[in-house]
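Following: one structure in structure tokens, then a few remarks.
The values are calculated or read from the model by the stated rules, or taken from the named source; none is laboratory data. The structure presented is a predicted model; accordingly, all values stated were derived computationally and were not measured. All Cβ positions, even for glycine, are placed from backbone atoms using ideal geometry, and neighbour counts span all protein chains on display.
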Amino acid sequence: MTEVQSFSTSAEAAGAQGAILGGGTLLMRQVNEAPQTVPRLIRITDPALREIRPEGDGHLIGAGVAMAQVIAHPDLGALAPVARSIGGPALRNMASIGGNLFAPHPYGDFTVALLALEAQVLWSDGQREEIERFLSVRDTARGVVTGIWVPRIAPGALRYRKVSRTRPKGVSVMSIAAYLPNGGSAPRIAFGAMGPTPLRAKAAESALQGRGLTEESVTAAGAVCLQGLSPADDALASAWYRSEVAPVHLRRCLMGET
Ligand SMILES: Cc1cc2nc3c(=O)[nH]c(=O)nc-3n(C[C@H](O)[C@H](O)[C@H](O)COP(=O)(O)OP(=O)(O)OC[C@H]3O[C@@H](n4cnc5c(N)ncnc54)[C@H](O)[C@@H]3O)c2cc1C
């Protein structure tokens, strides 16, 4: 049987042993299928986890914020297409940003955009961690994530593409986010479902660095985009297929094609 323990603050919950409950879209499935693997759920009622507020030159999004809240927020329009690509309407009412950070392959579409944005992950002890470093360890037993800081995104600077067998709400064959701040002079590119966690495509970024989005630079980026990625075979696609189509979808993402 699974026990549920409730806490009113993240700091109190951080010391507790158990699985932190976000929206529960993955965790409750696990509880239903194999309750012995989740002996205790940690539920945090702190309303701050559901807040979105401006901070510095960006926004702090509480870890418990659901995809539907992102879609509805007037300042997060650039992230709305990303949130909208996740599951169906009922799922988006529950699926949280914090839970998405820990969602295993092939999930984690929102985290792909966060990685391209070089977001910061906030922990309950006040520590801030670069998302790339967070993903390189991604320890579900480390404690409570309280929020994610994202920079203010200029119109058109974030491009996102999700490739799935069933549109509009299938699970990702791959997802790609390209962040092109300052007119695209220093692009940042992240792929989802192309490794155990979302990964940066740094060779592709270097191929575009300072060159803008021209036919040549985009072709050069596509030619090297698999460096550092490690696609796997799964029920949705083979590693071979993912590798073959990645340059095509990177091009479409960068060029803003639908
Ligand atoms: C039918 C279906 C379709 C889906 N489609 C997609 C999709 O298209 N794209 C996609 O990316 N995902 C998809 N998912 C996966 C999932 O719904 C999302 O990734 C969602 O964002 C997970 O968030 P959650 O709040 O439900 O996580 P939960 O299930 O509550 O938790 C998931 C993990 O995160 C940990 N966790 C949650 N919050 C915190 C926190 N604050 N601090 C520390 N650890 C925490 C939990 O302990 C657990 O290990 C789908 C799932 C289902 C069932």
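Some points to look at:
- Flag: Leu79 does not match the condition of being hydrophobic (A, V, I, L, M, F, W, C), within 17 Å of Ser172 (Cβ to Cβ), surrounded by fewer than 24 Cβ atoms within 10 Å (Cβ to Cβ) and not assigned by TED's automatic domain parsing to the domain that holds Val173.
- Check on Arg142, at negative phi, without any contact (Cβ under 8 Å) to a residue 60 or more places away in the chain, surrounded by fewer than 24 Cβ atoms within 10 Å (Cβ to Cβ) and in a helix (DSSP H, G or I): no
- A single entry from Ala178, Ala221 fulfils the requirement of being buried (at least 21 other Cβ atoms within 10 Å of the Cβ), modelled with pLDDT of 95 or more, more than 17 Å from Ser243 (Cβ to Cβ) and out of contact with any Gly (no Cβ under 8 Å at 6 or more places or on another chain): Ala178.
- Number of the condition not met by Pro74 [criteria: (1) closer than 24 Å to Pro181 by Cβ; (2) surrounded by 14 or more Cβ atoms within 10 Å (Cβ to Cβ)]: (2)
- Under the condition of being assigned to a strand (DSSP E or B), within 21 Å of Ala72 (Cα to Cα) and within 14 Å of the ligand (Cβ to nearest atom), the residues counted in the range 24-61 number 2.
- Residue check for Ser85: within 8 Å of the ligand (Cβ to nearest atom), within 27 Å of Ala186 (Cα to Cα) and outside the structural domain of Ser164 (by TED's automatic domain parsing): yes
- Figure legend. Inter-residue proximity from the range 1-16: first residues in contact (Cβ under 8 Å) with a residue 24 or more places away in the chain, second residues in a strand (DSSP E or B) and hydroxyl-bearing (Ser, Thr, Tyr), beta-carbon distance below 6 Å, spacing 6+ or different chains. Indicated pairs: Ser10/Thr146.
- Scanning the range 215-225 for residues that are outside the structural domain of Arg92 (by TED's automatic domain parsing) and within 20 Å of the chain's Cα centre (by Cα) turns up at least one hit.
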